[in-house]
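The values are calculated or read from the model by the stated rules, or taken from the named source; none is laboratory data. Predicted model only: the values in this text are computed from it and were never measured. Positions of Cβ are backbone-derived with ideal geometry, glycine not excepted, and every protein chain shown enters the neighbour counts. Just so you know, the surface numbers come from the protein's heavy atoms only, side chains and all, with ligands and any DNA or RNA stripped out. Shrake-Rupley method; radii C 1.70, N 1.55, O 1.52, S 1.80 Å.
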Amino acid sequence: MDTQSYMPVPPGIGMEENYFSLDDILLSHERLPCKTECSFPRLGFLEKSSDTRDIPEGSKMEMPLWLAKGLYEKKRRVLSVELPKVYRGGWRTVFGADPTVVDLHKMGPYYYGLGSQMLHFDSPENPEIAQIVLQTFIGRFRRTMDSSQNAYNEDTSALVERLDCLERSLFKAGQSGLNGFQQWEKGRSSHLTASSLVINYRKRKITDLQA
């Protein structure tokens, strides 16, 4: 019997979110640099560096992703969202040159997820952001999976600590697949058994015949 209290739910793909995923919940709390395009009456207490009653137009502040997405409107300019530095031109050049040398976890544990979410905001740099996020993933994917296959029964902490959360999931999946293959080669893999759904269906069929 499975005693696991929580069954992991995978994150959403691209700009879509899975609200049952812990990774997406944590991603939604990533903070973005924003600028107000209108005043926010009686919300001055939210800005710790200000002692005014309102948040005036043009104020620069950081907001969690979920709040910025909720307030952002293309037609009615309530706030504008600035790019985090890791997605700006200078860092895009670094990723374009050699993405494997970057410590993605240090730059932000949700580099791919947050980069995809930034496409919700209307920006002339969106095509470049989408392209560099995709190129970074492709450029690092093979090395990530090669590392997971060549580090069997070894300490992988130094390898994993530089990976984004998505890459860590891929690394774990690679090692799990390798471990299963090693067990199969040694004849230790578990035997295939019928699903509980099939067994219950057969029992119902027998009961129906007996009736």
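The single condition among (1) in contact with a His (Cβ under 9 Å, 6 or more places away or on another chain); (2) β-branched (Val, Ile, Thr); (3) loosely packed, with under 13 Cβ neighbours inside 10 Å that VAL101 does not meet is (1).
For CYS165, the conditions (1) touching a residue at least 60 places away in the same chain (Cβ under 8 Å); (2) open to solvent by 70 Å² or more (accessible area, probe 1.4 Å); (3) of a type in the set (A, V, I, L, M, F, W, C) are fulfilled apart from (2). Of these, GLU57, GLU62, which one is surrounded by fewer than 16 Cβ atoms within 10 Å (Cβ to Cβ), touching a Pro at 6+ places or on another chain (Cβ under 7 Å) and either of a type in the set (Lys, Arg) or modelled with pLDDT of 90 or more (or both)? Answer to the selection: GLU62.
Close Cβ contacts (under 7 Å, 6 or more residues apart or on different chains) running from residues in region 33-60 that are over 27 Å from LEU114 (Cα atoms) to residues that are surrounded by 13 or more Cβ atoms within 10 Å (Cβ to Cβ) and aromatic (Phe, Trp, Tyr) comprise ASP54/PHE40. Contact map, region 70-83: residues that are over 19 Å from PRO56 (Cβ atoms) paired with residues that are open to solvent by 80 Å² or more (accessible area, probe 1.4 Å) and in a loop (DSSP other than H, G, I, E, B), Cβ distance under 7 Å, separation 6+ or inter-chain. Pairs shown: LYS74/ASP122. Residue count for region 15-30 satisfying the condition of being touching a residue at least 12 places away in the same chain (Cβ under 8 Å), under 10 Å from the mean Cα position of the chain (by Cα) and either assigned to a helix (DSSP H, G or I) or closer than 18 Å to GLU62 by Cα (or both): 6.
Against the test of being exposed (fewer than 11 other Cβ atoms within 10 Å of the Cβ) and small (Gly, Ala, Ser), the options SER49, SER80 yield a single qualifying residue, SER49.
Looking only at residues in region 128-162 that are within 18 Å of MET107 (Cβ to Cβ) and among the small types (Gly, Ala, Ser), the one that is surrounded by the fewest Cβ atoms within 10 Å (Cβ to Cβ) is ALA158.
Within region 83-93, which residues are open to solvent by 60 Å² or more (accessible area, probe 1.4 Å) and in a helix (DSSP H, G or I)?
LYS85, TRP91, THR93
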